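S.K.: Structure in structure tokens, see below.
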Amino acid sequence: MSLSQPHTIGKNLQDVREQIAAAAQRCERPLEEITLLAVSKTKPASAVEEAIAAGQLAFGENYVQEGVDKIAHFAGHQPALTWHFIGPLQSNKSRLVAENFDWCHTVDRLKIAQRLNEQRPENLPPLQVLIQVNISDEASKSGIALSDVDVLADQISQMPRLTLRGLMAIPAIEHDYQRQLAVFSQMRSAFDALRARYPQLDTLSMGMTDDMPAAIAAGSTMVRIGTAIFGARDYA
Ligand SMILES: *Cc1c(COP(=O)(O)O)cnc(C)c1O
């Protein structure tokens with residue numbers, strides 16, 4: 001099946017929504033609790049446009065400049081789109097994220113949080129942020145240890161231009177459902193513990209194309225889906 005076929009993205013989105021509904025039903029969770037983020041990294045604005053035509057309004061981008069270009073392309077769109085930065089964030093790119101995105105999922109150190117807080121323009125609402133936890137991927141340099149979440153959460157909660165919404169994780173690739181579930185359940189426990197101190201937290205961002213059902217079973221409130229919506233990415 002070629003992605004150049006018209007309506008493919010719309011059909012894929014419909015399939016993903018059905019999979020989310022089925023996963024939610026299996027664990028008796030209300031569907032409204034789960035937000036679908038369409039991860040459009042490496043895909044052209046025309047692909048985003050197809051997703052919008054199929055009713056999708058929340059998008060995730062990994063690369064700062066690519067995301068900023070798409071945000072500019074769709075500026076003023078009605079109904080409003082929501083743009084989530086979900087890639088690794090270097091200090092020298094924080095201003096572009098603070099000035100353009102609605103959310104940042106990958107806050108994993110004080111310095112980045114401070115910069116985003118200082119750089120968030122006064123005329124915009126506070127940047128909605130998640131703390132990225134390195135839950136199982138020793139090879140990744142992104143994310144903080146679970147044991148460091150409390151300190152960073154306390155620091156972020158003092159920052160007026162940031163609103164802490166919850167936690168995010170990208171576990172190491174794992175094909176077995178039960179093992180996926182075990183890792184995601186650790187995140188859920190950490191989220192519940194943090195929510196005992198900050199009851200307003202409402203977002204647990206986890207689950208991608210290959211591990212979405214397990215993430216939902218463990219309590220994900222935001223799944224980040226790229227491949228199942230837009231097809232395989234070409235990094236050539
Ligand atoms: C690319 C990416 C996704 C989407 O992954 P798929 O497997 O294509 O669904 C989700 N989250 C993050 C952080 C990503 O980098």
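Quick note: the coordinates plus some simple rules give every number you see, no bench work behind them. Remember, predicted model here, so these are calculated numbers, not experimental data. Backbone-built Cβ (ideal geometry, glycine too); neighbour counts: all protein chains shown.
S.K.: With ALA113, ALA45 as the choices, which residue is over 27 Å from GLU18 (Cα atoms) and in contact (Cβ under 8 Å) with a residue 24 or more places away in the chain? Walk me through how you get there before you give the answer.
M.R.: Working: ALA45 fails: over 27 Å from GLU18 (Cα atoms).
Exactly one residue qualifies, and that residue is ALA113.
S.K.: Pairs under 8 Å by beta carbon, first residue closer than 15 Å to ALA45 by Cα in the stretch 72-83, partner charged (D, E, K, R) and not in a strand (DSSP E or B), six or more apart or different chains?
M.R.: THR82/ASP102; TRP83/LYS70; TRP83/ASP102
S.K.: Scan the stretch 192-216 for residues that are assigned to a loop (DSSP other than H, G, I, E, B) and either of a type in the set (A, V, I, L, M) or near the ligand (Cβ under 9 Å from one of its atoms) (or both) and report the count.
M.R.: Residues of the stretch 192-216 assigned to a loop (DSSP other than H, G, I, E, B): 198-202, 206-211.
In the following step, the residues that additionally are either of a type in the set (A, V, I, L, M) or near the ligand (Cβ under 9 Å from one of its atoms) (or both) were identified as 201, 206-211.
Here the count works out to 7.
S.K.: Search the stretch 23-42 for residues that are farther than 20 Å from PHE59 by Cβ and pair each with any residue that is within 10 Å of the ligand (Cβ to nearest atom) when their beta-carbon atoms are under 8 Å apart and the residues are at least 6 apart or on different chains.
M.R.: ALA23/MET212
S.K.: Right, here's the next one. Quick test for you: out of LEU89, LEU96, LEU124, LEU116, pick the one residue that is in a loop (DSSP other than H, G, I, E, B) and more than 16 Å from the ligand (Cβ to nearest atom). Give the derivation first.
M.R.: On the way: LEU89 fails: more than 16 Å from the ligand (Cβ to nearest atom); LEU96 fails: in a loop (DSSP other than H, G, I, E, B); LEU116 fails: in a loop (DSSP other than H, G, I, E, B).
The conditions single out LEU124.
S.K.: In this structure, is ASN92 touching a strand residue (DSSP E or B) at 6+ places or on another chain (Cβ under 9 Å) and farther than 30 Å from GLU49 by Cβ? Before the answer, list the steps.
M.R.: Values: touching a strand residue (DSSP E or B) at 6+ places or on another chain (Cβ under 9 Å): no; farther than 30 Å from GLU49 by Cβ: yes.
Taking the combined requirement at face value, the residue does not satisfy it.
S.K.: Considering only the stretch 39-54, how many residues are in a loop (DSSP other than H, G, I, E, B) and closer than 17 Å to HIS84 by Cα?
M.R.: Looking only at the stretch 39-54, we keep the residues that are in a loop (DSSP other than H, G, I, E, B), and these are 40-44, 54.
So of that shortlist, the ones also closer than 17 Å to HIS84 by Cα come out as 40-44.
Total satisfying the criteria: 5.
S.K.: Mind listing whichever residues of the stretch 217-236 are within 14 Å of the ligand (Cβ to nearest atom), over 14 Å from PRO171 (Cβ atoms) and not basic (Lys, Arg)?
M.R.: Here is the first cut: in the stretch 217-236, the residues within 14 Å of the ligand (Cβ to nearest atom) are 220, 222-235.
Cutting the leftovers down to over 14 Å from PRO171 (Cβ atoms) gives us 222, 225-235.
Matches in the stretch 217-236: MET222, ILE225, GLY226, THR227, ALA228, ILE229, PHE230, GLY231, ALA232, ASP234, TYR235.
S.K.: Scan ALA54, ALA72, ALA21 and give me the residue that is away from the ligand (no atom under 16 Å from the Cβ), closer than 24 Å to SER220 by Cβ and exposed (fewer than 15 other Cβ atoms within 10 Å of the Cβ).
M.R.: Numbers: ALA54 fails: exposed (fewer than 15 other Cβ atoms within 10 Å of the Cβ); ALA72 fails: closer than 24 Å to SER220 by Cβ.
Matching residue, one of ALA54, ALA72, ALA21: ALA21.
S.K.: Across the stretch 139-161, what is the total count of residues that are under 22 Å from SER220 (Cβ atoms) and in contact (Cβ under 8 Å) with a residue 24 or more places away in the chain?
M.R.: 10
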